[in-house]
Amino acid sequence: MSGIYDAVIVGGGHNALVAAAYLAGAGKRVIVLERLGHLGGAAVSERPWPGVDARLSRYSYLVSLLPPQIIRDLDLRRRRYSSYTPDPLDATRGLLVDNADAVATTASFLRATGDAREAERFAAFSDRLLPLAAAVFPTMTEPLRRESDMRGLVGDADLWESLTTRPVGVLLRASLQSDLARGVALTDGLIGTFSHADDSSLRQNRCFLYHVIGGGTGDWDVPVGGMGSVSGALEGAARAAGAELRTHAPVEAIDPDGVVRLASGEEIAGRLVLSGVGPAVLERLI
Ligand SMILES: Cc1cc2nc3c(=O)[nH]c(=O)nc-3n(C[C@H](O)[C@H](O)[C@H](O)COP(=O)(O)OP(=O)(O)OC[C@H]3O[C@@H](n4cnc5c(N)ncnc54)[C@H](O)[C@@H]3O)c2cc1C
């Protein structure tokens, strides 16, 4: 056994790195154990084109959900073009939502849907989400609130019900008239899920909420250099604070008394063991 740590952190994704940086910064002896050869979990970048120095997010991509005290040192940009959606019926047309040019966006809605008023509906729908974002986002770094508290905080009871008790498809059909615009809005609900607009599990609603509350405005801020630069900055902060970060260190089992066993057979003991892996992985390890 390699001595007792104050905290042994299993998994080396961005949440583990944040925990390691804060704990080591508070003077605790901390070790992070990551099974892969690199840190960052799903927040990593890739250079997809040989010879081109462009680093793009590989899986997760937007950083608006990270609280400002954590992202102060990152180089973030707001995206001017929030989306381009090709028309499935005519590949030469598409809907471009340009955050910096409302006239061009309206013209694009007219071309793509035949209805300039749809741009107004789309803008009104986005505006309706703003107070929700402003109310919900600050609670992300607070202890979890009761549902009734959240409803009161949001103010718009009808919107809250639509997002938490019914599939979001109902709200989208009532708010927008063209399937193309509904599809663009639904991107926020489906991206990264295996769900659909009317899924009764409401997985798509949770995904939708995550995408529209970021930063208290719902703006999609993205990091220059992709999500790998976020994890890189967090890794640097954790190392600078004195945390020990180990890669190629797959954990095989966690003993409830605080002993973590690696696949190599090595055992590491901690006063606390923190999980930086998904619940299903944690269950298997315990
Ligand atoms: C396709 C996709 C898109 C997403 N887009 C966004 C987005 O745009 N913005 C956003 O905020 N969130 C997004 N998310 C969610 C976000 O990626 C996750 O919430 C975040 O990565 C969770 O971080 P984590 O550190 O908790 O876990 P993870 O990133 O999952 O990291 C867990 C780490 O534990 C390691 N591990 C697993 N098992 C073991 C073991 N036995 N021993 C040692 N190490 C182990 C893994 O290798 C991994 O490095 C997206 C997720 C996906 C899948």
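Looking only at residues in region 22-39 that are under 17 Å from Ala233 (Cα atoms) and more than 12 Å from the ligand (Cβ to nearest atom), which one is most open to solvent (accessible area, probe 1.4 Å)? So, considering only residues that are under 17 Å from Ala233 (Cα atoms) and more than 12 Å from the ligand (Cβ to nearest atom), the one most open to solvent (accessible area, probe 1.4 Å) is Tyr22.
Scanning region 137-150 for residues being in contact (Cβ under 8 Å) with a residue 12 or more places away in the chain and open to solvent by 80 Å² or more (accessible area, probe 1.4 Å) gives a total of 3.
Whenever a residue of region 240-254 is under 17 Å from Ile4 (Cα atoms), its partners that are among the acidic types (Asp, Glu) and within 9 Å of the ligand (Cβ to nearest atom), lying with C-beta atoms within less than 7 angstrom and at least six residues away or across chains, give the pairs Arg246/Glu34. Residues in region 202-218 that are open to solvent by less than 60 Å² (accessible area, probe 1.4 Å) and either not in a helix (DSSP H, G or I) or not small (Gly, Ala, Ser) (or both): Leu202, Gln204, Asn205, Cys207, Phe208, Leu209, His211, Val212, Ile213, Gly218. Does Ala43 satisfy the criteria of being in contact with a Phe, Trp or Tyr (Cβ under 8 Å, 6 or more places away or on another chain), of a type in the set (A, V, I, L, M, F, W, C) and outside the structural domain of Pro138 (by TED's automatic domain parsing)? Spelling it out, Ala43 is indeed in contact with a Phe, Trp or Tyr (Cβ under 8 Å, 6 or more places away or on another chain), of a type in the set (A, V, I, L, M, F, W, C) and outside the structural domain of Pro138 (by TED's automatic domain parsing). Once region 66-81 is narrowed to residues that are at pLDDT below 80 and farther than 17 Å from Ser231 by Cα, the residue that is farthest from the ligand (Cβ to nearest atom) is Arg78. Just one residue in the set Ala123, Ala100, Ala112, Ala174 is in a helix (DSSP H, G or I) and under 23 Å from Arg78 (Cβ atoms); that residue is Ala123.
In region 219-255, the residue that is surrounded by the most Cβ atoms within 10 Å (Cβ to Cβ) out of those that are β-branched (Val, Ile, Thr) and modelled with pLDDT under 90 is Val230. Evaluate the following for Gly278: is it within 20 Å of the chain's Cα centre (by Cα), near the ligand (Cβ under 9 Å from one of its atoms) and surrounded by fewer than 19 Cβ atoms within 10 Å (Cβ to Cβ)? So Gly278 fits the description; yes.
Return the residues of region 43-65 that are near the ligand (Cβ under 8 Å from one of its atoms) and open to solvent by less than 30 Å² (accessible area, probe 1.4 Å); say none if nothing qualifies. Ala43, Leu62, Val63, Ser64 - these are the residues of region 43-65 that are near the ligand (Cβ under 8 Å from one of its atoms) and open to solvent by less than 30 Å² (accessible area, probe 1.4 Å).
The values are calculated or read from the model by the stated rules, or taken from the named source; none is laboratory data. Keep in mind that what you see is a predicted model, and the values were worked out from it rather than measured. Glycine also receives a Cβ, built like all others from the backbone with ideal geometry; neighbour counts cover every protein chain displayed. What goes into the accessible areas is simple: the full protein's heavy atoms, side chains included, and nothing from ligands, DNA or RNA. Shrake-Rupley method; radii C 1.70, N 1.55, O 1.52, S 1.80 Å.
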